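Engineer: The structure under discussion is supplied below as structure tokens; questions concerning it will follow.
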Amino acid sequence: MKVYNQIYKQIKKYNKIILARHIGADPDALGSTLGLKEAILYTFPKKQVYVVGSPAQHHKYIGELDKFTENMYEDSLLIVLDTPNKERIDGVLVDKFKYKIKIDHHPFIEKFADIEWIDDTASSACQLVIELIKNTKLKVNKESAEKLYIGLVGDTNRFLYSYTTAKTFELVSYLINETNIKFTELYPNMYMRSLDELKFQSYIISNIKVTENGFGYIKLNQDILDKFKIDSSTATNVVNNLNYIEEMYSWAIFAYDKVNDNIRGSIRSRGPIINEIASNYNGGGHPFASGVRLKDFNVVDNIIKDLDKKCLEYKENNGD
């Protein structure tokens, strides 16, 4: 595929490479950037490669981030992963870079890079990075493989989601065969939870509101987060544990983020298409898994109404 060679050519050309991803980083965003960094450095040890963006305390086990400085704009290649639009890029101003590449598995929103590789049939950005490595002269080592595996598993929820394909398993098999990573040893870090987090999950189940149309939601202020000693990222991650509640077609957790002074929202679905609504609120994502950043809880009320309406439409169209 021509795009593989185009991307590899630019990686080989630039001595300084900056890797960025979306705000509110998840394992796929972190795994793809940190995993690609390790692969580039393993292939080209003398290059300067930096992964930038706000720290994600809940996922710090994946790897350390680099502090961005203004001189990183100069004569640099920017590779943005797991991010469909400029507004959601964390930590850098994309237009200040000399050359830009986008590698993404979300539906297209806007063009902002010189090379754009978008495959919304891929399970994750990590899957695309593995595919890139496999089809170029980039090399993968144990450190790179572990990060990429974690990110892929995170975005597929352990291969449960429908966009996990035969190609996904083929690339995972390639990764394991090339590096012999002990992938079962990676799970404890991914799924270990504190007692406070488990108590918080019980709080979510006990207090979530479910509309008659099948939309479930909960709004969390700072007092609630402080009570359970968690941050907004940890709080909204619980959304993935609500997949199989019969009464809900779609559900969301909205938590106050005191660092950014806004509301962080994670939305999931088992039927209604939700990413279109998320994009109307400056968010985005996949048809059944999206995120938003909202100004205040008044805006939260508006998106709840829209998502509830979407659940009603889904019920009517599916005969429920």
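None of the figures in this text is laboratory data; all of them are computed from the coordinates on show. What you see is a predicted model; the values in this text were computed from it and never measured. Don't worry about glycine lacking a Cβ; one is built from the backbone with ideal geometry, like all the others, and counts go over all protein chains shown.
Engineer: What is the distance in Å between the Cα centres of the range 178-219 and the range 85-161?
Structural biologist: Taking the Cα centre of each part, the range 178-219 and the range 85-161 sit 24 Å apart.
Engineer: Let me ask another. Taking only the C-alpha atoms, wrap a convex hull around the chain and report its volume per residue in Å³ as a whole number.
Structural biologist: Dividing the Cα hull volume of the chain by its residues yields 131 Å³.
Engineer: Order by neighbour count: GLU178, GLU110, fewest other Cβ atoms within 10 Å first, most last.
Structural biologist: GLU110, GLU178
Engineer: Can you give me the long-range amide H partners of VAL80? Hydrogens built in the peptide plane at 1.01 Å from N, cutoff under 5 Å, separation of 5 or more residues or another chain.
Structural biologist: Here ALA20, ILE101, LYS102, ILE103 satisfy the definition.
Engineer: Where nothing but the Cβ of Lys and Arg (+1) and of Asp and Glu (-1) is charged, how large is the charge dipole of the chain around its Cα centre, in debye to the nearest 20?
Structural biologist: That gives the chain a dipole magnitude of about 1060 debye.
Engineer: Expressed as a rounded percentage, what relative contact order does the range 1-120 have, with Cα pairs under 8 Å and six or more residues apart?
Structural biologist: Value for the range 1-120: 27 percent.
Engineer: Can you bin the range 2-190 into rounded, prolate or oblate? Criterion: square roots of the alpha carbon gyration tensor eigenvalues sorted a ≥ b ≥ c, rounded for a/c under 1.5, prolate for a/b above b/c, oblate for the rest.
Structural biologist: rounded
Engineer: Here is a follow-up. Given only helices, namely DSSP H runs of n ≥ 4 each adding -39500 (n - 2.57), what is the per-residue ellipticity at 222 nm of the chain, to the nearest 500 deg cm²/dmol?
Structural biologist: Mean residue ellipticity at 222 nm (helix-derived): -12000 deg cm²/dmol.
Engineer: Just want to confirm a number: the relative contact order over the range 1-68, from Cα pairs under 8 angstrom separated by 6+ residues, in percent.
Structural biologist: The normalised contact order for the range 1-68 reaches 34 percent.
Engineer: Quick one: what are the phi-derived ³J(HN,Hα) couplings along the range 216-233, Karplus 6.51/-1.76/1.60 with θ = phi - 60°, whole Hz, x for glycine and proline?
Structural biologist: Those phi angles translate into x, 7, 8, 10, 10, 8, 5, 4, 5, 4, 5, 4, 9, 6, 10, 9, 5, 5 Hz.
Engineer: Where the only charges are on Cβ atoms (+1 Lys, Arg; -1 Asp, Glu), what is the dipole of the range 195-317 about its Cα centre, to the nearest 20 debye?
Structural biologist: Result for the range 195-317 is approximately 100 debye, rounded to the nearest 20.
Engineer: Quick one: compute the contact order of the chain, relative version, from alpha carbon pairs under 8 angstrom and 6+ residues apart, as a percent.
Structural biologist: 13 percent.
Engineer: Under the Karplus relation 6.51 cos²θ - 1.76 cosθ + 1.60, θ = phi - 60°, what is the ordered set of whole-Hz ³J(HN,Hα) values for the range 143-151, x standing for Gly and Pro?
Structural biologist: 5, 5, 4, 4, 5, 5, 5, 4, x
Engineer: Based on a Kirkwood Rh over C-alpha pairs, give the Stokes-Einstein translational diffusion coefficient of the range 195-317 at 37 °C and viscosity 0.692 mPa s in µm²/s.
Structural biologist: Result for D is 231 µm²/s.
Engineer: Provide the percentage of antiparallel DSSP beta bridges, counting only those with both residues in the chain; round to the nearest 5.
Structural biologist: Roughly 45 percent of the DSSP beta bridges within the chain come out antiparallel.
Engineer: Among TRP251, TRP117, rank each residue by its count of other Cβ atoms within 10 Å, from fewest to most, as a rough exposure measure.
Structural biologist: Placing the least packed residue first, the sequence is TRP117, TRP251.
Engineer: Could you put TYR73, TYR281 in order, starting from the residue whose Cβ has the fewest other Cβ atoms within 10 Å?
Structural biologist: Least to most surrounded, the residues fall as TYR73, TYR281.
Engineer: Related question: Could you tell me the distance between the Cα centroids of the range 29-84 and the range 225-244, to the nearest Å?
Structural biologist: Going from one Cα centre to the other spans 26 Å.
Engineer: Sticking with this structure for a sec: Plugging the Kirkwood radius over Cα pairs into Stokes-Einstein for the range 248-320, at a temperature of 25 °C and a viscosity of 0.890 mPa s, what D comes out in µm²/s?
Structural biologist: 200 µm²/s
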